[in-house]
Number of protein chains: 2
Amino acid sequence: MKIKVDDVSKQFGHKQILKEINLELEPNRIYGLLGRNGAGKSTLLNILTDRIFPNGGSVTMDGEAVHENDKLLGKMYLMSEVNLYQKRARLQDLFQASRLMYGGFDDAYAKHLCDAFELNPKLKFGQLSTGYRTIFKLIIALSLPVDFVFLDEPILGLDANHRELFYKELLDSYSQHPRTFVISTHMIEEVANMIEHVFVIEDGKILVDDDVDHMLAQAYVITGPGETVDSYTEGLNVIGSESLGNLKGNYVFGKLNDTREIPDTVQISRMDLQKLFIHLTSEEGQAK
Amino acid sequence: MKIKVDDVSKQFGHKQILKEINLELEPNRIYGLLGRNGAGKSTLLNILTDRIFPNGGSVTMDGEAVHENDKLLGKMYLMSEVNLYQKRARLQDLFQASRLMYGGFDDAYAKHLCDAFELNPKLKFGQLSTGYRTIFKLIIALSLPVDFVFLDEPILGLDANHRELFYKELLDSYSQHPRTFVISTHMIEEVANMIEHVFVIEDGKILVDDDVDHMLAQAYVITGPGETVDSYTEGLNVIGSESLGNLKGNYVFGKLNDTREIPDTVQISRMDLQKLFIHLTSEEGQAK
């Protein structure tokens, strides 16, 4: 079961939010959806799950249109910042409502997660702090029998202990019961080890659609004396640079020049995913 | 100029939020204030800046009580999640209002920061997204002529590029014009290189009051076969553990046993600050 997004565009008023987006979501993979604030990530997730409609293009699952198709929409769940729940409703009743809407719900797993996060399911939704509202929505997302789980900024308000617990539970749940996750977050380094494939959206367009390993294998930091570094990286795809006195670091994304000799004073090291993202989506990186 | 907190306690209703807190803030240092959700960090910052009153204890600056003392309160600024600004007010007018309240404001630096973050000071506060509200409040915090700047979760809603820019600007500003910063955040690893001294609050009490370097110098991960690891760490201060099949990692905070020989199958490595925090404040760590 595969989701395909073809030429999806969306505008609000005069503002073009998404511009002819194309991508595919394969079964049983963990994707990262990365982008600056306002890049269009949430809009794309809302279109994927038919909460809002594109101005052009289509979303299909194995060739069938998703729009207003309850059978297909029942195979996906979007956890978003918006709180869809009645404040006076008890969490345990909201679990049962989710079962009715999706034709199933893993009660035992939800109970395990409530215990692990120390969340009492007898509480009402309105009694929860920001962090515990996030936790409650994560528990629903992980307990539904869907094939595609979309998580829009899933760690809002979580402290470091709860974030670590969530990452661990997500991986456990994924290995026991593989399905597709799409995680949209600004905390890139924290999810970098979890995601296999990354989409970077910038200014409404897909800037990167690549496996994380493949991406990082082409990401270098070249450091050394300013002039030597600039001369060594001349003609390469330099997406950013930093200076410290006379020393300079140039960030390169793409192939190095194999025929050029590496000067003794120059060092080549790897970039992490967050640093690569920052330089790819900065103005300097964009010009490339 | 030094701030001293003596035996500060606070309860709301029947709930004891802070229990006899004692600490000192020295001039020109960068502190981290860490704690789980609900530990009492924001309450402490509000008491320090006289926004709420303790049930017992005192806050003094060089021996003088801070409570209702405008001269001393003018030397501190608390940037918090609460939005104190009129939605219809223009940012540039709010800058001028801050100047009137604090007797000074670095217009040139605020302009530099507006440019760097691409924030138009002609906008009204109500027009800003969550991320840009945070940025606006950070610009005020960095441009006021105060000796103590308290930042309560300063990166709320910021994407990775804006977080990196903020960390860089804070360090630049600090080196040009040293003063004391207290940063309260859940994104511990991102600030770990910036902070010199850390307070960990757990359950309303100060659990750790220590220099970051000194803390990390006593934090170890002991990994290897489960039984060997347990036998080697017997009697040490084990604050947590993780298992992977037959392998185990025990987290130790405190001295290792110098007289015990390290088995060949056992490896000793360092913990980062976020990991140390997680294990210190978990239930397992708490029992110690």
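Figures for the structure shown
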read-out	value
Cβ neighbours within 10 Å from other chains - mean over A:152-160	4
Within the stretch A:14-118, GluC sites (Glu not before Pro) in DSSP loop having at most 16 other beta-carbon neighbours inside 10 Å	A:Glu68, A:Glu81, A:Glu118
Per-residue [θ]222 nm for chain A (sum of -39500 (n - 2.57) over DSSP H runs n ≥ 4, rounded to 500)	-9000 deg cm²/dmol
Charge sum, other residues only, whose C-beta stays under 14 Å from A:Thr228's C-beta, Lys/Arg counted +1 and Asp/Glu -1	-3
For the stretch B:126-186, alpha-carbon Rg relative to the globular expectation (2.2 N^0.38 Å, N residues)	1.09
Ranked packing of A:215-221, B:56-62, most packed first, by mean Cβ within 10 Å	A:215-221, B:56-62
Within the stretch A:68-111, trypsin sites (Lys or Arg not before Pro) in DSSP loop having at most 13 other beta-carbon neighbours inside 10 Å	A:Lys87, A:Arg88
Cβ-derived FRET efficiency at R0 41 Å, B:Leu171 paired with A:Arg51, nearest 0.05	0.50
Per-residue ³J(HN,Hα) for the stretch B:76-87, Karplus 6.51 cos²θ - 1.76 cosθ + 1.60, θ = phi - 60°, Hz, x for Gly and Pro	10, 9, 10, 9, 10, 5, 5, 9, 8, 9, 4, 5
Shape of the protein assembly as shown, Cα gyration tensor, a/c cut at 1.5	rounded
Debye log10 I(q)/I(0) at q = 0.12, 0.15, 0.23, 0.27 Å⁻¹ for the stretch B:171-232, Cα point scatterers	-0.48, -0.67, -1.06, -1.19
Listed residue pairs exceeding 19 Å between alpha carbons, taken from A:Lys111/A:Lys168; B:Lys87/B:Lys122; A:Lys205/B:Lys124; A:Lys19/A:Lys75	A:Lys205/B:Lys124; A:Lys19/A:Lys75
Label point 7 Å beyond Cα along the C-beta direction, distances from A:Asp258 to other copies (nm, shortest first)	5.3
Quotient of Cα Rg and 2.2 N^0.38 Å for the stretch A:218-286, N being how many residues it contains	1.02
Per-selection Kirkwood Rh - the stretch A:3-211 (Cα, Å, 1 d.p.)	17.6
Alpha-carbon centroid distance for the pair the stretch A:195-269 / the stretch A:98-156, whole angstrom	41
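FYI, it's all coordinate maths here, none of it is from the lab. Because the structure is predicted, anything quoted here is derived from the model rather than measured. As a convention, Cβ positions derive from the backbone with ideal geometry for all residues, glycine included, and neighbour counts pool all protein chains shown.
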